[in-house]
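Trainee: Provided herewith is a single structure, encoded as structure tokens, for subsequent inquiry.
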Amino acid sequence: MGSRHINILVIKLGALGDFVQATTAFAALRAHHSKAQLTLLTTAPYVDFAKRLGFFDHILIDSRPKWHQWTQIWSLVNTLRSWSFDTVIDLQGVDRTRLYKRLFLRSTRWIDHPSSKDLLHPQDRFRCQLAEMGGHHLPSLDLTLLAEQGPPSSTPYALLIPGASNAHGGRKKWPESHYASLAQYLLAQGIQPVIIGGPGELFPMIDQQAPGSLNLVGKTSFYQVISLAQKTLFAIGNDTGPMLLAASGGCPTLTLYSSVNPAAIGGAKGDKNLAIEVDDLNDLSVKSVIEKLNGNMIFSHLS
């Protein structure tokens, strides 16, 4: 059902994985409010991404001024207030956006990010927020239309995504030595490991121990990762943004979680998106990962 004369601000600042998760909510808002004016407030790294999605009439940039930079904060809030939004839907739910709410006009309807511990996964939180606007169906995570041809790779191949945030003392990362051993196993199966990561990430151990791997770290855009995912056999990696991009390309995924980032609070959902969760990823053996791959039909191309 379309809506007329509604001016909606959507807040989603980042990071990559969170932004990818939010694309389902973006799509639902545009489908349900086809006649509304939708404006996104985000940060600079995601402006092009948002433009390519095609859901928003306008995109505004939050430079994330520091707390002591009150002039910049007030300037941003006054700019937002000047747009006369009817509704603000805060998909970010952090101290920064809660401050914006306090400085906003009281007459503006503000739909908060749920804090309930019963709504841990982003998709559940989005569903709860959208229900306040009349109920919206959340589509599956699918960004295949954004795919952009990237560097060529031999086939068959599998994506390995060994990077992740350094939060929690690096406990979101499975050891690089284990990824190197996994890459060796894949090569023995006739599958080329393709290593994906962001600028500044280095995985010398994989290069040294599995020299048949293709290292594309820092060489792919968001959209090229989606394209690679469309043609790969599967993707294995930590709980990180590029893994969600891979899932959005439609390939089977196996995401490795520790207790500091359990599967219940992130990652892609669906029959093709599997998980291994352990207390400490340092204790997860390569053998256990290989057994998970060999024990599931979606990875049946492995011998």
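Computed from the coordinates by the stated procedures, all read-outs in this text should not be read as laboratory data. Source: prediction; values computed, not measured. Reconstructed Cβ throughout: ideal geometry from the backbone, glycine too, with neighbour counts over all protein chains shown.
Trainee: What nm distance separates the two modelled labels at Lys51 and Lys66, each placed 7 Å from Cα along Cα→Cβ?
Mentor: 3.0 nm
Trainee: Please enumerate, by chain and number, the aspartates and glutamates with C-alpha under 17 Å from the C-alpha of Lys272, excluding those fewer than 8 residues away in the same chain.
Mentor: The qualifying aspartates and glutamates are Asp142, Asp239, Glu291.
Trainee: Given 25 °C and 0.890 mPa s, compute D for the stretch 23-62 with the Stokes-Einstein relation, Rh being the Kirkwood radius over Cα pairs; round to the nearest whole µm²/s. Kindly include the intermediate steps, with their values, before the conclusion.
Mentor: Values: Rh = 10.3 Å.
Answer from the Stokes-Einstein relation: 239 µm²/s.
Trainee: Something else about it: How many nm is it between the label spots at Asp142 and Asn294, if each spot is 7 Å from the Cα in line with the beta carbon?
Mentor: Rounded to a tenth, the inter-label distance reads 3.5 nm.
Trainee: Based solely on C-alpha atoms, express the radius of gyration and the Dmax of the stretch 7-139 in angstrom.
Mentor: Answer for the stretch 7-139, Rg first and Dmax second: 13.9, 40 Å.
Trainee: Quick one: of the DSSP bridges fully inside the chain, what percent are antiparallel, nearest 5? The partial results should precede the final answer.
Mentor: Details: 0 of 34 bridges.
Antiparallel bridges make up about 0 percent of those DSSP assigns within the chain.
Trainee: Now, a different point. When the expected Rg is taken as 2.2 N^0.38 Å, what fraction or multiple of it is the alpha-carbon Rg of the stretch 205-288? Please report the intermediate quantities before stating the final value.
Mentor: Details: Rg = 13.4 Å, N = 84, 2.2 N^0.38 = 11.8 Å.
The reported ratio for this selection is 1.13.
Trainee: Amide H of Asn238: which non-local residues (sequence gap of 5 or more, or other chain) have their own amide H closer than 5 Å, using H built in the peptide plane?
Mentor: Hits under the 5 Å cutoff: Ile161, Gly163, Leu256.
Trainee: Same structure, new question: I'd like the orientation of helix 70-82 relative to the chain: the angle between its Cα long axis and the longest Cα principal axis, in ° from 0 to 90, rounded to 10.
Mentor: Between helix and principal axis, roughly 70 degrees.
Trainee: Then there is this: What angle, in degrees between 0 and 90 and rounded to the nearest 10, separates the Cα long axis of helix 122-131 from the longest principal axis of the Cα atoms of the chain?
Mentor: Between the helix axis and the principal axis of the chain, the angle is about 30 degrees.
Trainee: On to the next question. Calculate the translational D of the stretch 88-142 in whole µm² s⁻¹ from Stokes-Einstein, where the hydrodynamic radius comes from the Kirkwood formula applied to all Cα pairs, the temperature is 10 °C and the viscosity 1.306 mPa s. Mind dumping the intermediate values first?
Mentor: Working: Rh = 12.2 Å.
Estimated diffusion coefficient is 130 µm²/s.
Trainee: While we're on this one: How would you order 244-252, 98-106, 169-177 from highest to lowest mean count of nearby Cβ atoms within 10 Å?
Mentor: On the way: 244-252: 25.6, 98-106: 13.4, 169-177: 16.6.
Final packing ranking: 244-252, 169-177, 98-106.
Trainee: For Leu41, which sequence-distant residues (separation of 5 or more, or a different chain) have an amide H within less than 5 Å of its own amide H, given hydrogens modelled in the peptide plane?
Mentor: Val10, Ile11, Lys12, Leu60
Trainee: Tell me the mean residue ellipticity at 222 nm calculated for the chain from its helices only (DSSP H runs of n ≥ 4, each -39500 (n - 2.57), averaged over every residue, nearest 500). Write out the running numbers ahead of the final one.
Mentor: Values: 10 runs with 102 residues, N = 303.
Value at 222 nm, helices only, nearest 500: -10000 deg cm²/dmol.
Trainee: Related question: Can you list, largest first and rounded to whole Å, the semi-axes you get for the stretch 146-299 by taking the square root of 5 times each eigenvalue of its Cα gyration tensor?
Mentor: On the way: eigenvalues 82, 59, 53 Å².
Those come to 20, 17, 16 Å.
Trainee: Moving on to the next point. Give the span of the chain's Cα atoms along each principal axis, as three whole-Å numbers ordered largest to smallest.
Mentor: 63, 43, 36
Trainee: Please compute the length gained on full extension between Ser34 and His168, using 0.36 nm multiplied by the number of residues separating them and subtracting their Cα-Cα distance. The partial results should precede the final answer.
Mentor: Values: separation 134, 0.36 × 134 = 48.24 nm, distance 4.11 nm.
Result for the pair: 44.1 nm of gain on full extension.
Trainee: What is the extension gain from Arg109 to His121, computed as 0.36 nm multiplied by their sequence separation minus the C-alpha to C-alpha distance, in nm to one decimal?
Mentor: Working: separation 12, 0.36 × 12 = 4.32 nm, distance 2.41 nm.
Contour length minus the Cα-Cα distance gives 1.9 nm.
Trainee: A further question on this structure: Given a cut-off of under 8 Å on Cα pairs at least six residues apart, what relative contact order in percent is computed for the chain? Intermediate results must be reported in sequence, preceding the final value.
Mentor: Values: 565 pairs, mean separation 48.1, N = 303.
Answer for the chain is 16 percent.
Trainee: Right, next: From the cross-link list Lys66/Lys231; Lys101/Lys231; Lys12/Lys35; Lys35/Lys173, which pairs have alpha carbons spaced over 32 Å apart?
Mentor: On the way: Lys66/Lys231 42 Å; Lys101/Lys231 43 Å; Lys12/Lys35 21 Å; Lys35/Lys173 44 Å.
Too far apart for the 32 Å limit: Lys66/Lys231; Lys101/Lys231; Lys35/Lys173.
Trainee: Filter the trypsin sites (Lys or Arg not before Pro) in the stretch 10-83 down to the DSSP loop ones having no more than 10 other Cβ atoms within 10 Å, then list what survives.
Mentor: Details: sites: Lys12, Arg30, Lys35, Lys51, Arg52, Lys66, Arg81; in loops: Lys12, Lys35, Lys66.
When the trypsin sites (Lys or Arg not before Pro) of the stretch 10-83 are filtered for loop state and at most 10 Cβ neighbours within 10 Å, Lys35, Lys66 remain.
Trainee: Please arrange Ile298, Ile226 by how many other C-beta atoms lie within 10 Å of their C-beta, fewest to most.
Mentor: Ile298, Ile226
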